[in-house]
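Q: Sharing a structure, written as structure tokens. Questions coming.
Values quoted throughout were computed directly from the atomic coordinates according to the rules given, and no laboratory measurement underlies them. Since the model is a prediction, treat every value here as computed from it, not as a measurement. Reconstructed Cβ throughout: ideal geometry from the backbone, glycine too, with neighbour counts over all protein chains shown.
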Amino acid sequence: MTVLEWLNQKPAYHGKVAAFGAWGVISSIVNSQRAGFVANSGYEPLTAAPVTDRLALLNALKDETRIWDDEPFDSFTFHTALEYVKLHRPRVLYLSLGETDEWAHRGDYALYLRSAHRVDQYLKELWETVQTVDQYRGKTTLIFLTDHGRGPAPVEWKSHGEKIAESKYIWMAFMGPDTRALGERTKVAPVTQNLIAATLAALLGEDYAGAVPKAGKPIQDVLSSVGN
């Protein structure tokens, strides 16, 4: 059970969790049918009412613009998620983008960089959008990280996996009212992906690590202002 499903089982979050992913298997990864929250990934149309004219257009364009078998361009995934936020105001949003990975696997460094810069702009737009909403302003935390690293240049950067040791290295970023602005940090204890679920829950005042003993513990530096 993901932390998303675990939160959705709680009355305070039931029906207020949503997941969006460019990669077509994201809906299955979060087990959306069992979990019972809105999940939209790959080329699936978003059918959660109301389907506005903007969402209908995004659904149509996403279906008609197929370059990869299981993943549309990030633009469709991002703008669909952003429209959902504006319409439904979820308390927890998961958003997974993947265009940088696709271009890297194809060895197109120029398009890889262009996609990365576009993601920067998406984060800016998402953050600025939620700051215009009373429900979110000054109360929202953004957690951003990669699912894996890549191999070294000039050849192995195109791939990743257990045979490429360097691809285990990732980075994470946190921004919100409960986290001190410490800037870029490198000389810290190892931080791993399995700490993210408990950290997310802790920012909401929930104890995921206590409920799921095999989960990682919250990252204390991220919670530096919680309760203060």
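Q: So how strong a dipole does the chain carry about its Cα centre when Lys and Arg Cβ are +1 and Asp and Glu Cβ are -1, to the nearest 20 debye?
A: Numbers: 24 positive and 27 negative charges, 134 e Å.
The calculation lands at about 640 debye.
Q: So how do Met172, Met1 line up by other beta-carbon neighbours within 10 Å, fewest first?
A: By the 10 Å Cβ count, ascending, the order reads Met1, Met172.
Q: Would you mind finding the longest exposed-site-free stretch of the chain, with exposed GluC sites (Glu not before Pro) meaning DSSP loop and at most 10 other Cβ atoms within 10 Å?
A: The reported range is 1-161.
Q: May I pose another question? What is the gain in length, in nm to one decimal, between Leu111 and Thr146 on full extension, counting 0.36 nm per residue of separation less the C-alpha to C-alpha distance? Each step should come with its number before you reach the end.
A: On the way: separation 35, 0.36 × 35 = 12.60 nm, distance 1.77 nm.
Full extension of this stretch gives 10.8 nm more.
Q: Same structure again: What relative contact order, as a whole-number percentage, does the chain give when Cα pairs under 8 Å and 6 or more residues apart are counted?
A: On the way: 309 pairs, mean separation 32.2, N = 228.
Reported relative contact order: 14 percent.
Q: Right, something else. Once you've got the Cα coordinates, tell me which of Lys62/Lys163; Lys86/Lys139; Lys10/Lys139; Lys86/Lys124 are over 25 Å apart.
A: Values: Lys62/Lys163 34 Å; Lys86/Lys139 16 Å; Lys10/Lys139 20 Å; Lys86/Lys124 15 Å.
The pairs that break the limit, which is 25 Å between Cα atoms, are Lys62/Lys163.
Q: Which far-off residues, 5 or more places away or on another chain, put their amide H under 5 Å from the one on Ser96, with H placed in the peptide plane?
A: Correct list: Phe20, Gly21, Ala22.
Q: Given labels modelled 7 Å from the Cα in the Cβ direction, how far is it in nm from Ala181 to Thr47?
A: Output for this residue pair reads 4.5 nm.
Q: Helix by helix, which DSSP H runs in the chain go 20 Å or more along their axis at the Cα atoms and have an average Kyte-Doolittle hydropathy of -1.0 or more?
A: Once both thresholds are applied, what remains is 74-88, 109-130.
Q: Within a 10 angstrom radius of the beta carbon, how do Thr77, Thr52, Thr132 rank from fewest other beta carbons to most?
A: Final ranking by Cβ density, sparse to dense: Thr132, Thr52, Thr77.
Q: Explain nothing, just compute: Karplus ³J(HN,Hα) = 6.51 cos²θ - 1.76 cosθ + 1.60, θ = phi - 60°, for every residue of the stretch 14-31 in order, whole Hz, x for Gly and Pro.
A: Those phi angles translate into 4, x, 10, 10, 8, 10, 10, x, 5, 5, x, 8, 4, 4, 6, 4, 7, 6 Hz.
Q: For a test of the definition: using alpha carbon positions, the gyration tensor, and the 1.5 limit on a/c, classify the stretch 178-228 as rounded, prolate or oblate.
A: oblate
Q: Report which label in [x] 23, 21, 19; [y] 26, 25, 17; [z] 25, 22, 16 holds the value of semi-axes √(5λ) of the Cα gyration tensor in Å derived from the coordinates of this structure.
A: Comparing each candidate, only [y] matches the computed number.
Q: Okay, next question. Expected output is a single nm value to one decimal: the length gained when fully extending between Leu61 and Val119, i.e. 0.36 nm times separation in residues minus the C-alpha distance. What is it?
A: Here the segment from Leu61 to Val119 would lengthen by 18.9 nm.
Q: Let me ask you something else. Could you tell me what percent of the DSSP beta bridges with both partners in the chain are antiparallel, to the nearest 5?
A: 30 percent
Q: So what's the back-of-envelope 222 nm ellipticity for the chain, counting only DSSP H runs of four-plus at -39500 (n - 2.57) apiece and dividing by all residues, rounded to 500?
A: So the helix-based figure for the chain works out to -10000 deg cm²/dmol.
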